[in-house]
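Scroll down for the structure; my scribbles are underneath it.
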Amino acid sequence: MGGDGEFFSVAECDGQKTIDGEQVPLVLTPASSGSGERGGEALAAALRARREWVEAKVVSNSAVLLRGFGVRDAAEFDAVVGALGWPDIRYVGPAPRTHVHGRVWTANEGPLDEFIYYHHEMVLIKEFPGKVILFCEVAPPEGGETPFVPSFRVTERVMEEFPEMVEELDEKGLRYTFTALSKNDTKSMRGRGWEDAFATTDKAEAEKRKLTRVFPGRQGRRMWFNTVVGMHGKALSSATMADGAEIPTAFVARCGEIIEEESIQFRWEVGDVLILDNLATLHGRRPSLPPRRVLVATCK
């Protein structure tokens, strides 16, 4: 099955699903009839020439996996990110991260043996990225996948089981409370202190959000654009209705089951570049054996 022009071919990967007729993720590999050029610079040139086509695929398929192009390091990944033409957006949030090169940062540096729960990147921040781009520099020997979830599928399924609860939460709004550490600590997945993590001392920043959102250009789909399951009833966080009323534990538990059932994951390969539509997908991180090095860029 052909991709775009002579550079890309459409392929498959383990864990891939077909949703509403689209492959998720869409896997693009080098075309066998292509020039044979490999590496980040060649990929960057191809992407630069096909920006609108690539963005359309990211939106239609919610995720695009670029595999087999031989992207080697942070500098080449940075060139790939730049070629896509999306403006940079600074990461704001509690995850411990380190700047690597240009627009490239480490992904969450929290302990590899812990599961990072599904989330839309920076969902609690007023200005969140439209795209999250991940690059596998060192593939883990076991585990360490980056599972992601088509957000609209979660809303569709939760609406089937709890239509009244969804409408009530959207009408009333949500309130999150979050206790950040008093200082930065890379031994925790929430390793950054509050002021550094959210660039503010106002803890009301994370309050009064909706349960679902509809974004332009995405078929009117209602996205599960919240972090209720990830924060409800936790040691350092909570999620309630905006008026302070409790969200039923059974509802949250069932939502968590649905999110996991709808998740998609593949084994990382060295050089993989995964582009996620952050408006349409939640993502997380499976526990991993070391070493694992995945780098990230966030874009508007």
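The values are calculated or read from the model by the stated rules, or taken from the named source; none is laboratory data. Just so we're clear, the structure is a prediction, and the values are computed from it rather than from any experiment. As a convention, Cβ positions derive from the backbone with ideal geometry for all residues, glycine included, and neighbour counts pool all protein chains shown.
Looking at the range 21-110, what helices (runs of 4 or more DSSP H) fall wholly within it and have at least 2 residues that are of a type in the set (A, V, I, L, M) and touching a His at 6+ places or on another chain (Cβ under 8 Å)? So that I can check it myself, show each step before the final result.
Details: elements: 40-49, 51-61, 74-84.
Answer list for the range 21-110: 74-84.
Those residues that are without any contact (Cβ under 8 Å) to a residue 12 or more places away in the chain and not in a loop (DSSP other than H, G, I, E, B), I need them from the range 229-250; list them, please.
Matches in the range 229-250: A250 only.
State which residue is surrounded by the fewest Cβ atoms within 10 Å (Cβ to Cβ) when the search covers only the range 209-228 and only residues that are in contact with a helix residue (DSSP H, G or I) (Cβ under 7 Å, 6 or more places away or on another chain) and part of a loop (DSSP other than H, G, I, E, B). Please lay out each step first, then the result.
Kept after step one, since they are in contact with a helix residue (DSSP H, G or I) (Cβ under 7 Å, 6 or more places away or on another chain), are these residues of the range 209-228: 210-212, 217-218, 221-225, 228.
Narrowing the set further to residues that are part of a loop (DSSP other than H, G, I, E, B) leaves 210-212, 217-218, 221, 224-225.
Details: K210: 16, L211: 26, T212: 20, G217: 11, R218: 18, R221: 20, W224: 32, F225: 23.
So the residue we want is G217.
Tally up the residues in the range 257-266 that are part of a helix (DSSP H, G or I) and crowded, with 17+ Cβ neighbours inside 10 Å, please.
Filtering the range 257-266 down to residues part of a helix (DSSP H, G or I) leaves 257-261.
Now drop any that are not crowded, with 17+ Cβ neighbours inside 10 Å, which leaves 258-259.
Total meeting the criteria: 2.
Given the criteria surrounded by 20 or more Cβ atoms within 10 Å (Cβ to Cβ) and outside the structural domain of A42 (by the TED database), does Y117 qualify? Steps first, please.
Working: surrounded by 20 or more Cβ atoms within 10 Å (Cβ to Cβ): no; outside the structural domain of A42 (by the TED database): yes.
So Y117 does not fit the description; no.
One line per residue, one yes/no per condition, for (1) of a type in the set (A, V, I, L, M, F, W, C); (2) assigned by the TED database to the domain that holds G284; (3) surrounded by 20 or more Cβ atoms within 10 Å (Cβ to Cβ); (4) in contact with a Gly (Cβ under 8 Å, 6 or more places away or on another chain):
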| residue | (1), (2), (3), (4) |
| --- | --- |
| E37 | no, yes, no, no |
| A44 | yes, yes, yes, yes |
| R51 | no, yes, no, yes |
| N61 | no, yes, yes, no |
| L66 | yes, yes, yes, no |
| F69 | yes, yes, yes, yes |
| R72 | no, yes, no, yes |
| D78 | no, yes, yes, yes |
| V81 | yes, yes, yes, yes |
